[in-house]
1. Only one of these conditions is not met by residue 137: (1) surrounded by fewer than 17 Cβ atoms within 10 Å (Cβ to Cβ); (2) in contact with a helix residue (DSSP H, G or I) (Cβ under 8 Å, 6 or more places away or on another chain); (3) in a helix (DSSP H, G or I); (4) modelled with pLDDT of 75 or more. Which number is it?
2. Considering only the stretch 74-84, I want to know if a residue exists there that is touching a helix residue (DSSP H, G or I) at 6+ places or on another chain (Cβ under 6 Å), in a helix (DSSP H, G or I), crowded, with 19+ Cβ neighbours inside 10 Å and at pLDDT below 90.
3. Which of the residues that make up the stretch 179-188 are part of a helix (DSSP H, G or I) and without any contact (Cβ under 8 Å) to a residue 24 or more places away in the chain?
4. Sort out which residues of the stretch 147-178 are outside any helix (DSSP H, G or I) and in contact (Cβ under 8 Å) with a residue 24 or more places away in the chain, and write them in order of number.
5. Out of everything in the stretch 37-56 that is surrounded by fewer than 23 Cβ atoms within 10 Å (Cβ to Cβ) and part of a helix (DSSP H, G or I), what residue ends up being modelled with the highest pLDDT?
6. Within the stretch 90-105, how many residues turn out to be over 22 Å from residue 148 (Cα atoms), surrounded by 15 or more Cβ atoms within 10 Å (Cβ to Cβ) and either modelled with pLDDT of 70 or more or more than 29 Å from the chain's Cα centre (by Cα) (or both)?
């Protein structure tokens with residue numbers, strides 16, 4: 001009983017701190033920067049900041065609107081994804097030289113190029129919802145020298161869908177609990193996490209079916 005009360009107090013304190021942070025205009029800059037960094041360093045929780053911002057709007061504590069959360073997240077993700085592509089393109093020659101002496105690297109490059117060309121923009125959209133997967137794909141697109149105009153077009157679509165989904169889901173789920181900030185935050189987090197788990201499971205099932213066919 002005491003342990004449960006302690007956990008509840010910790011959760012409440014954490015929620016209150018997030019609420020205080022997200023209730024300032026500068027939190028939009030945090031959403032932008034973290035979304036940018038997450039595209040290149042996939043240990044930065046970009047979905048988390050977007051969800052926090054959207055829930056803060058839902059409970060009426062934000063000085064900004066939901067559309068600003070979407071734009072901040074999408075803009076940061078776009079710059080991050082195109083930067084990751086640029087890094088891959090910058091080091092493309094090195095990877096291809098390496099492929100001449102390392103058969104495994106050559107196979108990996110051929111596989112990545114084949115997957116990107118066959119599955120196209122749909123792959124970029126799907127990967128945006130998979131932490132780590134989006135970084136690997138954007139860098140691989142640069143290494144395999146996919147056309148820049150094609151890449152930019154699909155990244156615009158991918159980041160727009162990602163930011164709209166993350167913010168919209170958090171707002172819709174958090175809105176009914178606007179009188180209880182802690183519940184609003186954690187219900188939104190739980191729902192987003194559950195949906196992401198289902199997406200990942202679906203991807204793994206599809207991958208296994210493709211491998212067995």
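The values are calculated or read from the model by the stated rules, or taken from the named source; none is laboratory data. Note that this is a predicted model, so its numbers are computed, not measured. Glycine also receives a Cβ, built like all others from the backbone with ideal geometry; neighbour counts cover every protein chain displayed.
1. (1)
2. no
3. Within the stretch 179-188, 183, 187 meet the criteria.
4. Once the filter is applied, which keeps residues that are outside any helix (DSSP H, G or I) and in contact (Cβ under 8 Å) with a residue 24 or more places away in the chain, the stretch 147-178 yields only 178.
5. Among them, the one singled out is 37.
6. Residues flagged as over 22 Å from residue 148 (Cα atoms), surrounded by 15 or more Cβ atoms within 10 Å (Cβ to Cβ) and either modelled with pLDDT of 70 or more or more than 29 Å from the chain's Cα centre (by Cα) (or both) within the stretch 90-105 amount to 1.
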